[in-house]
Amino acid sequence: MSPRTSESVVKRECAVKKTIKTMEDFSAFVGLSRPTVSKYFNDPNSVRKKTREIIEAAVKQSGFRPNIFAVNLNRRRTNILGIIIPNSTDPFYTALTRRIEGIAEQAGYLAFVLSSDGKPELEERAIETFKSMNVAGSIIAPLGVQSHQEKLLKLGESIPMIYVDSPLDTVSPFVGTNNRQSFQLIVDYLTRSGDAPCYFGMPPVNSNAFERREAYSEAMERLRLEPRIIEVEQTANWDFEKSAFDATIQILRNGGFPTKTVLCANDRVAFGVIAAAFQIGVKVGRGDDCDLRVAGHDDQPLSRYMCPPLTTVAQNYNEIGRLAAALLFHKLGEHQDAKFELPANERILLNAEIMLRMSA
């Protein structure tokens, strides 16, 4: 090592002990000009290989991360992906966004997540935020029933947008679960293994609430059975567990469900039903000594740890996230996945898989 190189290393080791907050600090640390460093963060391939290696080694040593907004200030298209979910506390959306964030990071993008918290005014604010940030593209789980459809469609005219979980309409790009296949699967199993199920719906917070109810009815009619739907309070409330718990307490105190099998619109509704049954003293499970069978939909991360573990049909949130990101990158002109083939109608419906556990 030459004296000059040794001196440079010593200076950098001393500098790294100081907090590097700005691009100027990092430029001084790496020993390159501010424009060269900025050029690298805008597009790593725009600088020479040797320069890129020096900067990447310095990034690893210092832990420096540039202000993404400052880096993108003068860029025509940012490397920010906007994500809107309807509920940040729902384990399904948490797992879905984690998957998308990981894929975005590997592709050199920053995923910026906002929650509408089930409120159309917050969804509108999130849309306006993304417009002001000039995001490159967006993945959105819309409220559906109460969404600002015109604003979402207008945003979709300026940037690529992919909808997940519940579609905004019948034509926009979408990745989600085939509800008709999943309900046919679970209804068929429950009917063959015991009483035909009655249906406990979810509050009307998005299009899934209506599509899953229809899917249940179609599955029952296909088996030449009469659909039995539990009519509960139709309030657009995302507190699924509490609303299901309160309704089930009243149902069980007033004579019980019309059958010994309850199929819930989603796992969170099932959580409330099972908790209420426990409080009343009704035993849930598929054993001969059990009073009630309960099944759900989604395979939430907590479903396998319920007591008893919940029989459900699994939405593959990892695959939904992967395909939504792949579809978005394809529309951005960045073919991250060589095996990905863009569907002609830009809509992907995934089949669900049944998860047999002790609740039904």
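The values are calculated or read from the model by the stated rules, or taken from the named source; none is laboratory data. Since the structure is predicted, the reported quantities are computational estimates derived from the model, not experimental observations. Don't worry about glycine lacking a Cβ; one is built from the backbone with ideal geometry, like all the others, and counts go over all protein chains shown. For accessibility, only protein heavy atoms count, side chains too; no ligands or nucleic acids. Shrake-Rupley method; radii C 1.70, N 1.55, O 1.52, S 1.80 Å.
Tabulated results
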{"item": "Using θ = phi - 60° and Karplus 6.51 cos²θ - 1.76 cosθ + 1.60, couplings along segment 109-123 (whole Hz; Gly, Pro as x)", "result": "10, 9, 8, 10, 9, 10, 10, 7, 6, x, 10, x, 5, 6, 5"}
{"item": "Antiparallel bridges, percent of DSSP beta bridges restricted to the chain (to nearest 5)", "result": "10"}
{"item": "Whole-number D in µm² s⁻¹ for segment 249-360, Kirkwood Cα-pair radius fed into Stokes-Einstein, 10 °C, 1.306 mPa s", "result": "99"}
{"item": "Which of 122, 83, 270, positive extreme of dipole for the chain (C-beta unit charges)", "result": "83"}
{"item": "Solvent exposure ordering (accessible area, 1.4 Å, most first) of 260, 49", "result": "49, 260"}
{"item": "Accessible area (Å², 1.4 Å probe, nearest 10) - residue 40", "result": "20"}
{"item": "Taking N as its residue count, the alpha carbon Rg of the chain over 2.2 N^0.38 Å", "result": "1.24"}
{"item": "In Å², nearest 10: area of residue 89 left accessible to a 1.4 Å probe", "result": "110"}
{"item": "FRET E, pair residue 305, residue 225, Förster distance 41 Å, beta-carbon r, rounded to 0.05", "result": "0.80"}
{"item": "Check: the chain dipole with +1 on Lys, Arg Cβ and -1 on Asp, Glu Cβ, in debye", "result": "1760"}
{"item": "Residue 354 long-range amide H proximity, modeled H, under 5 Å", "result": "314"}
{"item": "Heavy atoms of residue 358: accessible area, 1.4 Å probe, square angstrom to 10", "result": "100"}
{"item": "Residue-wise HN-Hα coupling along segment 44-50, computed from phi with Karplus coefficients 6.51, -1.76, 1.60 (Hz; x: Gly, Pro)", "result": "x, 7, 7, 10, 5, 4, 5"}
{"item": "Listed residues 131, 60 arranged by accessible area, highest first, probe 1.4 Å", "result": "60, 131"}
{"item": "For the chain, calculated [θ]222 nm from helices alone, where every DSSP H run of n ≥ 4 adds -39500 (n - 2.57)", "result": "-14000 deg cm²/dmol"}
{"item": "Accessible-area order (highest first, 1.4 angstrom probe) of the listed residues 150, 56, 353", "result": "150, 353, 56"}
{"item": "Positive-end extreme of charge dipole, segment 86-208 - chosen from 199, 142, 176 (charges on Cβ)", "result": "176"}
{"item": "Rounded Å value of the spacing that divides the Cα centres of segment 83-150 and segment 174-216", "result": "25"}
{"item": "Bins of 10 Å, starting at 0 and running to the largest distance - Cα pair percent for segment 153-236", "result": "16, 39, 28, 12, 4, 0"}
